[in-house]
Amino acid sequence: MPLKDRRILLIITGGIAAYKALILIRRLREKRAAVRAVMSSGAHNFLTPLSVSAVAGAPPLDDLFDPRDEHDVGHIRLSREADLIVVAPASADFMAKMANGLADDLASAVYLASDKPVMVAPAMNPMMWQHPATRRNMERLKDDGVAIIGPETGEMAESGEAGMGRMSEPEDIAKAIEVFLFGTETKTPLAGRSVLVTAGPTYEPIDPVRYIANRSSGRQGYAIAAVAARAGADVTLVSGPVSLPDPRGVNVIRIETARAMADAVEAALPADIAIMSAAVADWRVQMEGGEKIKKEQGAPPPSLSLVENPDILKTVARHQTHRPDIVVGFAAETEKVVEHAIAKRQRKGCDWIVANDVSPGTGIMGGSENAVHLITENGVEDWPRMDKEAVAVRLVTRLADCFAKQV
């Protein structure tokens, strides 16, 4: 059991989703984790300390200046003893505190005094989630290394509104915690496995200053690489030009063109799993200009003759000597998303396809969220719209489950 004897410090903040914290505690304890709870003042409006104590097996803490605990600097001891701090639900207010370094109660002081990894499960009204201030706070937390699970799309219990902001289900959070705490020191399904990930766009030069490209940010592939590394895998990430930092514990190979990516992928084989999330340009200019193409008065625009780039996904999926056990392709579509993805899976020969709608109105291409369909030989799974890190956790968890069945 990956969570056996792991110490989870659960911070419960205010919001109707606080009731899910009780279920989360139960799920974690079923996995043999030790759970200690801290309640914010807002959490008391939705849960009683008695109910939390009943499921956690120990009374929750809520007072920064409790003389029974603070004589030995209890908030620091709490934060240092845990293997992971989880904030669920994470309200907009508490995320703002985290992002800005406030520590005016026990919950926020525990976070600020910690040197341990942190995961948050946001839960709030859809308008609050979409507000620029919340989005800024989210990005700052990500930059600080905080892992995010959710939120998801659904009805809001307190208002009847529907949209993104619903807290992930406790079972999904528990699985995400397992993946997050995976490491090479733990026997896990991906420990000792090799994972190859591609991410980002490719740049196909027209001349020394111009190129053909797309709007891919690389965020989804980078998130997958980071989660796979946390799951104990030996991860190689072949990345097109992006502005993202290298994920911790990942071997990153940076390239620009599709042909360079094809060469890097071939060199990285063999691998147990290949996840081809890069948005590779289908075509390149047949004759790249050695000098900048000049615009001449009265002359027609230059015509560009295009040739097809290597099909990296198909090459890996049909590799004669080093085909990975599982090959996952990505299909970015603007119409008939599932239909095209099913056809692509058959055409390329891969095991799974992760399909999404990248029409301009979705904000997915280059954005921080994704809504995907997982296509396998067993059919189609429609996943709710969620943060790209949450998509990565769910995908890697599914891959880990596949290898667990082989053990």
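The values are calculated or read from the model by the stated rules, or taken from the named source; none is laboratory data. Small disclaimer: the values here were computed from a predicted structure and weren't measured. A quick note on method: Cβ atoms are made from the backbone with ideal geometry, for glycine too, and the neighbour counts reach across all protein chains shown.
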How many residues, within the stretch 104-129, are crowded, with 16+ Cβ neighbours inside 10 Å and within 14 Å of Met39 (Cα to Cα)?
7
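Here's the yes/no breakdown for (1) at pLDDT below 95; (2) surrounded by fewer than 19 Cβ atoms within 10 Å (Cβ to Cβ); (3) within 29 Å of Glu288 (Cβ to Cβ); (4) β-branched (Val, Ile, Thr):
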{"position": "Val227", "(1), (2), (3), (4)": "yes, no, no, yes"}
{"position": "Leu244", "(1), (2), (3), (4)": "yes, yes, yes, no"}
{"position": "Val252", "(1), (2), (3), (4)": "no, yes, yes, yes"}
{"position": "Ile255", "(1), (2), (3), (4)": "no, no, yes, yes"}
Inside the stretch 334-382, counting only strands (runs of 3 or more DSSP E) that do not spill past its ends, which hold 3 or more residues that are crowded, with 20+ Cβ neighbours inside 10 Å and on the phi < 0 side of the Ramachandran plot?
352-357, 372-376
When you scan the stretch 315-329, do you find a residue that is aliphatic (A, V, I, L, M), over 29 Å from the mean Cα position of the chain (by Cα) and surrounded by 13 or more Cβ atoms within 10 Å (Cβ to Cβ), even just one?
no
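For every residue, the table says whether it meets (1) in contact with an Asp or Glu (Cβ under 9 Å, 6 or more places away or on another chain); (2) buried (at least 17 other Cβ atoms within 10 Å of the Cβ).
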{"residue": "Tyr211", "(1), (2)": "yes, yes"}
{"residue": "Ala233", "(1), (2)": "yes, yes"}
{"residue": "Gly240", "(1), (2)": "yes, yes"}
{"residue": "Ala278", "(1), (2)": "no, yes"}
{"residue": "Asp282", "(1), (2)": "yes, no"}
Sort out which residues of the stretch 62-102 are in contact with a Phe, Trp or Tyr (Cβ under 8 Å, 6 or more places away or on another chain) and modelled with pLDDT under 90, and write them in order of number.
Ser79
Check Glu377, Glu389 and return the single one that is under 18 Å from Ser216 (Cα atoms), among the charged types (D, E, K, R) and assigned by TED's automatic domain parsing to the domain that holds Ala274.
Glu389
Given (1) of a type in the set (Ser, Thr, Tyr); (2) farther than 24 Å from Ala147 by Cα; (3) in contact (Cβ under 8 Å) with a residue 60 or more places away in the chain, identify the lone condition not met by Ser277.
(2)
Of everything in the stretch 73-103, what is of a type in the set (Asp, Glu) and under 16 Å from Met39 (Cα atoms)? Give them in sequence order.
Asp93
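Give the stretch 92-122 a look and list any residue that's part of a loop (DSSP other than H, G, I, E, B) and touching a strand residue (DSSP E or B) at 6+ places or on another chain (Cβ under 7 Å), or say none. Write out each step before concluding.
Just the residues of the stretch 92-122 that are part of a loop (DSSP other than H, G, I, E, B), to begin with: 101-105, 113-117.
If the condition is that a residue be part of a loop (DSSP other than H, G, I, E, B) and touching a strand residue (DSSP E or B) at 6+ places or on another chain (Cβ under 7 Å), then Ser114, Lys116, Pro117 are the ones that fit.
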Which of (1) farther than 22 Å from Ala199 by Cα; (2) in contact with a strand residue (DSSP E or B) (Cβ under 7 Å, 6 or more places away or on another chain); (3) surrounded by fewer than 13 Cβ atoms within 10 Å (Cβ to Cβ) does Leu304 not meet, given it meets every other one?
(3)
Residue count, the stretch 257-274, condition touching a residue at least 40 places away in the same chain (Cβ under 8 Å), closer than 26 Å to Ile212 by Cα and touching a strand residue (DSSP E or B) at 6+ places or on another chain (Cβ under 8 Å), comes to 7
Subset of the stretch 262-308 [out of contact with any Leu (no Cβ under 9 Å at 6 or more places or on another chain) and in a strand (DSSP E or B)]:
Ala279, Leu306, Val307, Glu308
What are the residues in the stretch 339-387 that are without any contact (Cβ under 8 Å) to a residue 24 or more places away in the chain and of a type in the set (Lys, Arg), if any?
Lys344
I'd like to know if the stretch 95-108 contains one or more residues that are among the basic types (Lys, Arg) and farther than 16 Å from Ser40 by Cβ.
no
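Could you tell me whether Ala260 is surrounded by fewer than 16 Cβ atoms within 10 Å (Cβ to Cβ) and modelled with pLDDT of 95 or more?
Values: surrounded by fewer than 16 Cβ atoms within 10 Å (Cβ to Cβ): no; modelled with pLDDT of 95 or more: yes.
No: the conditions fail for Ala260.
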Which count do you get for residues in the stretch 14-65 that are out of contact with any strand residue (DSSP E or B) (no Cβ under 9 Å at 6 or more places or on another chain) and either within 18 Å of Ser114 (Cβ to Cβ) or part of a loop (DSSP other than H, G, I, E, B) (or both)?
7
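Could you run through the stretch 313-332 and say how many residues are of a type outside the set (S, T, N, Q) and farther than 23 Å from Arg398 by Cα?
The first filter runs over the stretch 313-332 and keeps only residues of a type outside the set (S, T, N, Q), leaving 313-314, 316-319, 322-332.
Narrowing the set further to residues that are farther than 23 Å from Arg398 by Cα leaves 319.
Residues in the stretch 313-332 being of a type outside the set (S, T, N, Q) and farther than 23 Å from Arg398 by Cα: 1 in total.
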